[in-house]
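As structure tokens, the structure follows; a few thoughts come after it.
The values are calculated or read from the model by the stated rules, or taken from the named source; none is laboratory data. None of the values given here were measured: they were computed from a predicted structure. Note: ideal-geometry Cβ built from the backbone for every residue, glycine included; neighbour counts use all protein chains shown. Ligands, DNA and RNA are excluded from the accessible area calculation, which covers all protein heavy atoms including side chains. Shrake-Rupley method; radii C 1.70, N 1.55, O 1.52, S 1.80 Å.
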Amino acid sequence: DHETSDPSASSNTNACTLQFKHPKHNLLPLPLLPLLLYHPTMSTQVSGMALAIRSATESDTFDLAGHSPSSIETTVTSAFTDPFNLSEMIRITFVVGAGKLGRSKYDDKASLHVTSALRQLGYVEDRGASCVNECGGSFKTQHDTGKNLFTVVVFPKLVQEGDNGGESNNTGGGNSMEYPIPIPLVEGSALHTVLLSSEATFEKMVPSMAPSWSEKKFCSELLKDSLDTVEQMDGKLMTGTPLSDDEQAFYDDVGGALVIGSKLECIKKQMQQQVEAGALTADERNNLIHQVSERLEGLNDEI
């Protein structure tokens, strides 16, 4: 039942082999890469944790239990090579060690591997750093005595206003930097595939396109950014401001906020089913546990 009008539909092409092509890059496999359009310099071997870090919009914690030195260095390099496209600073915390009971879960030099990789990217250690924009590009080590955990706290570099990554991105239409996603869409890209597929085709291709919970999470962030983009365009139209040719093409192609919203609900449902089935990696489980714990602590503080 493939629909020939969909870029993702083909009688002899499975969703898991779909590829996208960025103007500056070779063809890359679609799984694990829905956010590469945001960060085109990221390695194709990027880990799920690195993508989770890149997609973070609020402070989060990541547990490095069970990670090898090479995995740690690759994750840090992939996650922090490019500045984050955020307006306000966030705190990325790596758990790199634990007390006597949990010590064996961590590489003995996990902290050193994290900080060494950060220094190679131009990050500096600042024991007085805090969660403010001025501290972007710094890190500090801490010992949480309450939980008996050792951590490295990173305050990522942020994209500076007007910074276009050092390269011209003028498409002759709407400025892509005005929106959370690049405009115009790159034909054949992951973003193009996700947004232009029908709702039915999208639902069928999600399991192979994004088999892990983390990959589904990244795809959901992609859809949220796309929804924000459509809503910004709606705001322009409401004020009588005409859209550029590129903006109008995007607006017409994606099917509007209702279609994107439907896809977002679809992938959220599949994420919930994966949680209920226990089909999560150790990193994903730890990440979710930390998120829930931090939210509970926040609620307790408010009470």
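Could you pull out every residue, at least 5 positions away or on a different chain, whose amide H is within less than 5 Å of the one on Ile183? Hs are placed 1.01 Å off N in the peptide plane, and Pro or chain starts have none.
Hits under the 5 Å cutoff: Ser176.
Once Rh for the range 52-138 is found with the Kirkwood sum over Cα pairs, what is the Stokes-Einstein diffusion coefficient at 25 °C and 0.890 mPa s, in µm²/s?
179
For the range 64-104, rounded, prolate or oblate, judged on the Cα gyration tensor with a ≥ b ≥ c (square roots of eigenvalues), a/c < 1.5 rounded, else prolate if a/b > b/c?
oblate
Quick one: net charge of Ala282's neighbours, Cβ under 14 Å, K/R +1, D/E -1?
Here the charged neighbours net out to -1.
Find out how many positive minus negative residues lie around Ser293, taking Lys and Arg as positive, Asp and Glu as negative, among other residues whose Cβ is under 14 Å from that of Ser293.
-3
Whole percent per 10 Å bin, from 0 to the bin with the longest distance: what is P(r) over all C-alpha pairs of the range 185-252?
For the range 185-252, the pair-distance distribution reads 18, 46, 26, 10, 1.
Using a Förster distance of 22 angstrom, determine the FRET efficiency expected from the C-beta separation of Lys147 and Ser116, and round it to 0.05.
The calculated FRET efficiency here is 0.35.
Could you run the Karplus curve 6.51 cos²θ - 1.76 cosθ + 1.60 with θ = phi - 60° over the range 211-221 and give me ³J(HN,Hα) per residue in whole Hz, x for Gly and Pro?
Calculated HN-Hα couplings, in order: x, 8, 4, 4, 5, 5, 4, 5, 5, 5, 5 Hz.
Need the full-extension length gain, Glu187 to Asn85, defined as separation in residues times 0.36 nm minus the C-alpha distance. One decimal, nm.
34.4 nm
Using the Karplus equation 6.51 cos²θ - 1.76 cosθ + 1.60 (θ = phi - 60°), what ³J(HN,Hα) coupling, rounded to whole Hz, does each residue of the range 195-207 give in order, writing x for Gly and Pro?
7, 8, 5, 5, 4, 5, 5, 4, 4, 6, 8, 4, x
Going by amide H atoms built from the backbone, whose H comes under 5 Å of the H on Ser189, apart from near neighbours?
Amide H neighbours of Ser189, under 5 Å, 5+ apart: Lys21.
Ignoring ligands, DNA and RNA, please state the percent of accessible area on the range 206-246 from carbon and sulfur, probe 1.4 Å.
55
Just flag the trypsin sites (Lys or Arg not before Pro) in the range 74-149 sitting in loop per DSSP whose Cβ has no more than 14 other Cβ atoms within 10 Å.
Sparse-neighbourhood loop trypsin sites (Lys or Arg not before Pro): Lys100, Lys109, Arg127, Lys147.
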